């Protein structure tokens, strides 16, 4: 959903992703729900100073950023006080609002979400909390729950200037950027110290939830569809938008899924205008999420479109392997997904199998998996110049769903499976473990056919 529990580098600790399996899940869910409600209904947040290298906290507190080009931009407009006594303050200076966006009153959004009731809470992210609401499709007025258009209403945590800047960036970018693989921003509210955003509702929630928190694993074809959709979203930002944009926070929790598992990018609070003219990069304070940020960006603060390409490579590895980018619950040497995976990225059939999620049980194309692994290796090149453009990534992914050489039919795969060298790890449930008794078809096949890979 919009507003999943997520982590950003630097300030403001929040709910952390948990990867400890199913132990004590009921107690954890209860605690997390209470944490969500408590923080969402409170007008104050806590802050701490934590570094990029060790932090997995929500927010990046960069109150000053320098860009290698002059002039204002959507992520760094002329900002007035985030708590202006007059509802609109200097809105004309702060917001460059698209005529397609609806301006809501705070009372309208209270009604749409049933007064931000706890049972309307969808989740919490770095920006704030997200509630489910309902509005009239014609005039966007609040309607009875279960009728009209379902929306996601994101509230701003009251933590000062940085939160206000991210709210502005979200409005200014998503108000102008329209693409099938970007979440649609419907409208906004700016009233006294209230800052809210209204989005289309994404019923299947985040990729993070499906990869790491759901017991039923995503099928091979759905994973490819999600990868291609997300790549198209980035390619649009980098190469097709009227003014190119660097997304800067590409990760599984920011990839949302609609009813058909089509993927859309959300959360543009950290986005920046790409360098223009003869400028090679944007110089900025390092912000993003640990485990996804490109190494050269972490070291120098030099941001380019190739920084997003690296982050895409990390997510592609997560899709292929079913592993998190950072997981300290794994054995030593396997905490960092990219570093663990590098020895297997050469495409050698006898090694690349180690990268593929064993819960797939061989229901993936051997050639397709090899090509996807090689693509991930290119995206994760330590030299940014060797990484492909996102349009090249899209072209590389498009033919993969049509390859039918299933690994399960391979004698080599059968041999390593029988020898126990490839299979579900750490109690992970496979697709066949979810198959109903007496079913002639696997859940995997059903999932593939209900959400065709060809429609991406």
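If R0 is 41 Å, what FRET efficiency do you get for residue 194 and residue 392 from their C-beta distance, rounded to 0.05?
0.45
Which FRET efficiency value, to the nearest 0.05, is calculated for residue 404 and residue 213 with the Förster distance at 41 angstrom and r the Cβ-Cβ distance?
Rounded to the nearest 0.05, the efficiency is 0.85.
Beta carbons within 10 angstrom, averaged per residue: use that to sort the peptides 409-416, 322-329, highest first.
322-329, 409-416
Find how many whole Å separate the alpha carbon centroid of region 253-296 from the alpha carbon centroid of region 330-398.
The two parts, judged by their Cα centres, are 20 Å apart.
Using a 10 Å cut-off on Cβ atoms, rank the peptides 224-236, 331-343 from the highest mean neighbour count down.
So the peptides 224-236, 331-343, ranked by packing, come out 224-236, 331-343.
Quick note: the coordinates plus some simple rules give every number you see, no bench work behind them. This one's a predicted model, so the numbers in the text were calculated from it and none came from an experiment. Cβ coordinates were reconstructed from backbone atoms using ideal geometry, including for glycine residues, and neighbour counts include every protein chain displayed.
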